[in-house]
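Here, each number is a calculation from the coordinates, and none is a lab measurement. What you are looking at is a predicted structure, and each value in this text was computed from that prediction instead of being measured.
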């Protein structure tokens, strides 16, 4: 029992090493870059949507890494809100993609470049 008390009073969890933080940020940056390049180069609406989600997840990894590095929960709490917004965005985007596909039978963004209202 005294071991649990000592562990609770120690500096557990130990701070994250700067090299570990750099690795998480490198991963996050690579994921964000892949998502950005995919979004800008692809013309399929579903692929563009998935690339946007990849960028959201990369930002979430960076927020959690910084939160863990500074030993607080602010970044992790913010990630919950980002995931909530991403879920709402996913529902709306997929509904819009289905609606657009029913009208033109294509998921190419170039078909929808000239929308007439």
- Note on the structure: With T = 25 °C, eta = 0.890 mPa s and Kirkwood Rh from C-alpha pairs, the Stokes-Einstein D of the chain in µm²/s is about 144 µm²/s
- What angle do you read, to the nearest 10 degrees and between 0 and 90, between the alpha-carbon axis of helix 45-69 and the longest principal axis of the chain? 10 degrees
- Query: For the Cα atoms of the chain, what angle does the longest principal axis make with the long axis of helix 74-104, in degrees from 0 to 90, nearest 10?
  - Reply: 10 degrees
- On a 0 to 90 degree scale, rounded to 10, what angle separates helix 18-41 from the longest Cα axis of the chain? 0 degrees
- Quick one: compute the contact order of the chain, relative version, from alpha carbon pairs under 8 angstrom and 6+ residues apart, as a percent. 26 percent
